[in-house]
Amino acid sequence: HDMILAHLPSPTTRERFFADPRLRSIDIALLGAMGNSLYPLRNTWKKMLDQKDQLGLGKYTIKFRHHPKWFDAKADHPKQLTAYQNLLKSTKILLTDSSKFHVSLQKYTEALVAGCLIVGDIPHDRMREYRRFAVEVPTSADPSYLATVVAYWLEHEDERLAKVTAGQAWALQSVTTDQFYEDYTELYYEQQQLSNAPADALPMVGWHFAYPYYVRCRAGGGQAW
């Protein structure tokens, strides 16, 4: 009663991630957890990098970084975050994926703000925008095909910078914390209008902010119901 369930994709901060897309020292980066069924395309990216010499990618500067284990109490979180930010701000192409759930993981917006070119599959939210500002590849692609796509965008710098610059401009207006709070505030006051004048109000939930999400219920012990 008198409650609202709202979902907005996680925002990204300009202060932490913004960088000039032209100033890059790393050609290719792959970040995150590996070797499990949650990230099928990411596992294929790793296979491609393992075969970089055979696939013609050996001449490029490549960085691979495992998942930083944000929730490890022993980890130095500020140091990890700084290293992660600097890596994105120095990378031309970020190899990523939307997991088997097809959601825009935080890397998607962070990479756009940082000036990276995203090469990966397309999340189910904001698909039109990601198809404009990223390079889409199928999740079933083999390492050889993926290598040709990556090499093309590294060798065509003007095309890459044009896509990256447009994507960064969109991200700075659409996925930052400022926009997040603006959307949330608009959603709140629209709900207030609905409560005060239900006959006249037009609820925006699921319409104006049409972002998909996944929900799991968990019992007190943490096990899924």
**Prompt:** So, in segment 148-164, of the ones that are in contact (Cβ under 8 Å) with a residue 40 or more places away in the chain and within 23 Å of ALA19 (Cβ to Cβ), which residue ends up surrounded by the most Cβ atoms within 10 Å (Cβ to Cβ)?
**Reply:** VAL150
**Prompt:** Can you name the residue in segment 16-32 that is in contact with a strand residue (DSSP E or B) (Cβ under 6 Å, 6 or more places away or on another chain) and at pLDDT 95 or above and, of all such residues, is farthest from GLU155 (Cα to Cα)?
**Reply:** LEU30
**Request:** Could you pull out the residue among GLY120, GLY167 that is among the small types (Gly, Ala, Ser), more than 16 Å from GLY32 (Cα to Cα) and buried (at least 16 other Cβ atoms within 10 Å of the Cβ)?
**Result:** GLY167
**Request:** Return the only residue of TYR184, TYR145 being over 22 Å from THR61 (Cα atoms), open to solvent by 60 Å² or more (accessible area, probe 1.4 Å) and aromatic (Phe, Trp, Tyr).
**Result:** TYR184
**Prompt:** Could we say that GLU129 is among the acidic types (Asp, Glu), under 22 Å from GLN179 (Cβ atoms) and open to solvent by 10 Å² or more (accessible area, probe 1.4 Å) here?
**Reply:** yes
**Request:** Give the residues of segment 152-196 that are part of a helix (DSSP H, G or I) and among the aliphatic types (A, V, I, L, M), sorted by residue number.
**Result:** LEU154, LEU161, ALA162, VAL164, ALA166, ALA169, ALA171, LEU172, LEU187, LEU194
**Prompt:** Got a sec? Which of THR91, THR139 is in contact with a helix residue (DSSP H, G or I) (Cβ under 6 Å, 6 or more places away or on another chain) and either crowded, with 21+ Cβ neighbours inside 10 Å or not acidic (Asp, Glu) (or both)?
**Reply:** THR139
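The values are calculated or read from the model by the stated rules, or taken from the named source; none is laboratory data. Quick caveat: nothing in here was measured; it's all calculated off a predicted structure. Using ideal geometry, Cβ is built from the backbone for each residue, glycine included, and neighbour counts are taken over all protein chains shown. Note: accessible area is taken over every heavy atom of the protein model, side chains too, but ligands, DNA and RNA are not part of it. Shrake-Rupley method; radii C 1.70, N 1.55, O 1.52, S 1.80 Å.
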